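One structure is given here, and the rest of the page talks about it.
None of the figures in this text is laboratory data; all of them are computed from the coordinates on show. Just so you know, these numbers come straight off a predicted model, no measurement behind them. Cβ placement follows ideal geometry from the backbone for every residue including glycine, while neighbour counts extend to all protein chains displayed.
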Amino acid sequence: MRYLSTRGGQSATGAEAIVRGLARDGGLFVPESFPAVGADELALMANEPYAARAARILGRYLTDFTQEQLAGMVDSAYARFDERGVAPLKALEGGVRVIELYHGPTLAFKDVALTLLPHLLTASARATGEAREVLILVATSGDTGKAALSGFQDVPGTRCAVFYPEGGVSEAQRLQMVTQRGDNTRVIAVKGNFDDAQTGVKRIFSDPRAAAAFDAKGLALSSANSINWGRLAPQIVYYFSAYCDMLAAGDAAPGDKINICVPTGNFGNILAAYYAMRMGLPVHKLICASNSNNVLTDFIRTGRYDARRAFHLTTSPSMDILVSSNLERMLFELCGRDAAAVRGWMDGLRENGCYEIGENAKAALDALMYGAWASEAECAAEIARAWREESYLVDPHTAVAMKALRDYRAETGDTRPCTVASTASPFKFGRAVSAALGLPTDADDFALCDRLAEKTGWAVPKAIAELPRLPVRHRAVCAPEDMLFTLMKEIDRP
Ligand SMILES: *Cc1c(COP(=O)(O)O)cnc(C)c1O
């Protein structure tokens with residue numbers, strides 16, 4: 001399998017795509033074709049455990065590796081999830097099936113890809129002849145940083161350094177990062193906001209003196225952000241897995257089409273659902289859910305993407321995003337893989353903050369997707385409703401998706417079974433969930449989680465409960481202009 005750039009430049013192998021992250025022409029890597037998974041194979045997979053399903057799907061895309069290699073990587077990655085597994089299904093009323101993707105080490109769905117990426121990346125580096133250690137740089141607004149640190153912790157041949165905005169993440173998220181174990185991890189607070197941290201990381205990547213300095217230390221720079229093919233491919237698996245579980249449980253008959261609803265930020269998770277559909281998973285509609293940063297809802301309804309709008313801070317912060325990078329891969333398919341059209345739209349976005357797709361692409365989009373969004377009040381009301389009516393606790397991101405599904409069903413009357421991606425543990429957002437349930441919020445996040453557990457009978461996950469007791473291992477703080485200097489100093493620290 002080879003990988004094309006959405007902007008028409010040189011193709012690459014899977015290993016090259018994973019090591020490079022971004023194509024040289026600035027485009028994103030997409031598979032040259034979508035391998036087919038037929039009804040017979042789906043029936044076979046229904047009897048397999050998650051790890052076998054994962055090795056099977058990944059094997060179609062990552063042809064640089066043997067099936068044994070992939071199975072080994074998958075096994076070590078997913079041994080880190082709790083006893084419920086990677087993607088258990090929870091049945092709710094009305095044919096709603098929630099895929100709980102948050103039972104990994106950092107309690108968000110990003111663990112599904114970021115526990116596997118270190119294995120894929122080190123194997124890819126070897127396959128492409130990279131002899132140096134790989135240094136992963138991450139700028140984070142919260143969830144990605146911790147998931148990357150946790151994934152790369154103690155993985156031989158790798159180091160991982162994360163920059164986060166000082167004061168710009170929740171107390172739980174900060175503690176999750178600064179208590180990170182592993183001699184190969186570093187965490188640095190930046191005196192600035194997320195954009196400052198992200199700009200600083202990009203500057204390090206494009207600074208030739210930095211590259212030379214790291215090379216002298218035997219280090220090659222790489223990134224773990226969500227446009228990397230190594231993060232996208234593992235996400236395709238759980239949509240297949242959910243359908244197989246429904247087949248196994250008799251919730252769907254072979255060939256029955258389902259809908260899929262995904263709380264969306266950078267468009268990686270829902271794109272994976274689209275790729276699963278292209279591979280033959282029986283899907284009728286993809287429902288793209290947004291919070292009040294509803295640029296995608298408007299785009300899906302009008303065909304016009306316009307990022308020139310106010311940015312809202314919400315209780316679902318991982319969806320607070322106005323430029324969804326992975327949408328470029330979807331555009332590439334919508335226009336029949338016309339790289340020149342994609343380049344034009346991306347130029348429009350960069351120069352004017354907006355673009356409009358043509359009639360044909362819009363018609364293709366209409367056939368596939370439905371967009372809806374939830375306000376802060378609607379999100380809180382949905383958290384309360386799910387608890388009141390179904391005794392089910394959801395985090396704000398998942399609640400946004402459940403509200404969007406409700407809107408879709410009301411507008412279209414299409415009530416076929418729908419899987420909803422649940423992307424974070426409700427205890428990761430204990431304050432917002434407590435407030436939505438009408439509980440008092442006059443305490444720190446940990447006390448609120450304890451009270452929430454008491455009230456609901458759900459257990460606080462260990463990864464949250466243990467945080468206040470863990471020793472702080474990372475204390476570096478720097479100004480945005482000192483990020484490279486501070487990183488070099490931290491790298492040399494024993
Ligand atoms: C990252 C994230 C999302 C958004 O996923 P995308 O792939 O960026 O669309 C949704 N919910 C949670 C909890 C996340 O961490």
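Using the scaling law 2.2 N^0.38 Å as the reference, what is the normalised Cα Rg of the stretch 82-215?
Numbers: Rg = 16.9 Å, N = 134, 2.2 N^0.38 = 14.1 Å.
The value comes to 1.20.
Please compute the Kirkwood hydrodynamic radius over the stretch 31-146, one decimal place, Å, based on all pairs of different Cα atoms. Mind dumping the intermediate values first?
Numbers: mean 1/r = 0.0617 Å⁻¹.
Taking the inverse mean of 1/r over all distinct Cα pairs, the stretch 31-146 comes out at 16.2 Å.
Please list, in order along the stretch 477-491, the HN-Hα scalar couplings obtained from phi with the Karplus expression 6.51 cos²θ - 1.76 cosθ + 1.60 (θ = phi - 60°), rounded to whole Hz, x for Gly and Pro.
Whole-Hz 3J(HN,Hα) from phi for the stretch 477-491: 9, 8, 7, x, 6, 9, 4, 5, 4, 5, 4, 4, 5, 5, 4.
Please give me, ordered by residue number, the GluC sites (Glu not before Pro) of the stretch 12-105 that lie in loop per DSSP and have at most 11 other Cβ atoms within 10 Å.
Numbers: sites: 16, 32, 41, 68, 83, 93, 100; in loops: 32, 83.
Counting only loop positions with at most 11 other Cβ atoms within 10 Å, the GluC sites (Glu not before Pro) in the stretch 12-105 are 32, 83.
If I model a spin label at residue 337 and residue 367 as a point 7 Å from the Cα along the Cα→Cβ vector, what separation in nanometres do I get?
It works out to 1.7 nm between the two label points.
Among the aspartates and glutamates, which fall within straight-line cross-link reach of residue 202, defined as a Cα-Cα distance under 14 Å, with same-chain neighbours fewer than 8 residues apart omitted?
481, 482
Can you give the direction-averaged projected area of the convex hull of the alpha-carbon atoms in the chain, in nm²? Could you put the intermediate results ahead of the total?
On the way: hull surface 86.2 nm².
That works out to 21.5 nm², a quarter of the Cα hull's surface.
Hey, any idea what Rg/Rh is for the stretch 53-104, computing Rh the Kirkwood way over Cα pairs?
Here the Rg-to-Rh quotient is 1.11.
Which of the trypsin sites (Lys or Arg not before Pro) across the stretch 332-379 are loop residues per DSSP, with 16 or fewer other Cβ within 10 Å? Spell out each step's value before the answer.
On the way: sites: 337, 343, 350, 362; in loops: 337.
Of the trypsin sites (Lys or Arg not before Pro), the ones in loops of the stretch 332-379 whose Cβ has at most 16 other Cβ atoms within 10 Å are 337.
Can you give the log10 of the normalised intensity I(q)/I(0) at q = 0.13 Å⁻¹, computed with Debye over equal Cα scatterers of the stretch 339-396?
Evaluating at q = 0.13 Å⁻¹ gives log10 I(q)/I(0) of -0.62.
Return an integer: the convex hull volume of the alpha-carbon atoms of the stretch 287-437, in Å³ per residue. Write out the running numbers ahead of the final one.
Values: hull volume 17.3 nm³, N = 151.
Considering the Cα atoms of the stretch 287-437, their hull volume per residue is 115 Å³.
Which shape class, rounded, prolate or oblate, goes with the stretch 144-222 when its Cα gyration tensor gives a ≥ b ≥ c as root eigenvalues, a/c under 1.5 marks rounded, and past that a/b bigger than b/c marks prolate?
Working: a/c = 2.73, a/b = 1.22, b/c = 2.24.
It is oblate, given that a/c is not under 1.5 and a/b is not larger than b/c.
In sequence order, what are the phi-derived ³J(HN,Hα) couplings for the stretch 352-365 according to the Karplus relation 6.51 cos²θ - 1.76 cosθ + 1.60 with θ = phi - 60°, rounded to whole Hz, with x for glycine and proline?
With coefficients 6.51, -1.76 and 1.60, one gets 10, x, 7, 7, 10, 7, x, 4, 5, 5, 5, 5, 5, 5 Hz.
Convert each backbone phi in the stretch 39-54 into a coupling constant with the Karplus relation 6.51 cos²θ - 1.76 cosθ + 1.60 (shift: θ = phi - 60°), then list the ³J(HN,Hα) values in order as whole Hz, x for Gly and Pro.
Each residue's phi maps through the Karplus curve to give 4, 5, 5, 4, 5, 5, 5, 4, 9, 9, x, 4, 4, 5, 4, 5 Hz.
Convex hull over the Cα atoms of the stretch 406-494, averaged projected area in nm²? Mind showing how you got there, number by number?
Numbers: hull surface 44.9 nm².
So the Cα hull casts an average projection of 11.2 nm².
Amide H neighbours of residue 158 under 5 Å, at least 5 residues apart or on other chains, H built in the peptide plane: list them.
For residue 158, the qualifying residues are 134.
At what distance in nm do the modelled label points of residue 455 and residue 181 sit from each other, each positioned 7 Å from its Cα along Cα→Cβ?
3.3 nm
Check residue 221: other-chain or 5+ apart residues with amide H under 5 Å from its amide H, H built from backbone geometry?
Distant-sequence amide H within range of residue 221: 135.
Set the Förster distance to 51 Å, then compute FRET efficiency between residue 477 and residue 347 from the Cβ-Cβ distance, nearest 0.05. Before the final figure, lay out each step's value.
On the way: r = 38 Å, r/R0 = 0.74.
For residue 477 and residue 347, the calculated efficiency is 0.85.
Given the DSSP H assignment, sum -39500 (n - 2.57) over each helix run of at least 4 residues in the chain and divide by its residue total; what's the result at 222 nm in deg cm²/dmol, nearest 500? Please report the intermediate quantities before stating the final value.
Values: 22 runs with 231 residues, N = 494.
That comes out to -14000 deg cm²/dmol.
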